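J.: Before we start, here is the structure in question, set down as structure tokens.
The values are calculated or read from the model by the stated rules, or taken from the named source; none is laboratory data. Please read these numbers as outputs of a predicted model, since none were measured by experiment. Here the Cβ is made from the backbone with ideal geometry for all residues, glycine too, and neighbour counts use every protein chain on show.
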Amino acid sequence: MDETDWLLYDSDGELVNSVPGSHRWVHATVERRDAQWIVTDLVLEEQATC
């Protein structure tokens, strides 16, 4: 996943820091349900793993 233009915010919407993200490896499981693809499981690896 390319998150180089993303910034990190806390649950209150406050900016944590202004350091942009990087690339990370993502594992996703998707299933076809009623003519739509649904993500049923998502694992985000550490930053800079890809």
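J.: If residue 35 satisfies every condition in (1) surrounded by 10 or more Cβ atoms within 10 Å (Cβ to Cβ); (2) out of contact with any strand residue (DSSP E or B) (no Cβ under 8 Å at 6 or more places or on another chain); (3) not hydroxyl-bearing (Ser, Thr, Tyr) but one, which is the exception?
T.: Checking residue 35 against (1) surrounded by 10 or more Cβ atoms within 10 Å (Cβ to Cβ); (2) out of contact with any strand residue (DSSP E or B) (no Cβ under 8 Å at 6 or more places or on another chain); (3) not hydroxyl-bearing (Ser, Thr, Tyr), the one that fails is (1).
J.: In region 1-32, how many are in a strand (DSSP E or B) and surrounded by 10 or more Cβ atoms within 10 Å (Cβ to Cβ)? Give the derivation first.
T.: Kept after step one, since they are in a strand (DSSP E or B), are these residues of region 1-32: 2, 8-9, 15-17, 23-32.
Cutting the leftovers down to surrounded by 10 or more Cβ atoms within 10 Å (Cβ to Cβ) gives us 2, 8-9, 23-26, 28-31.
Number of matching residues: 11.
J.: Sort through 24, 33 and tell me the only one that's of a type outside the set (Val, Ile, Thr) and at pLDDT 95 or above.
T.: The conditions single out 33.
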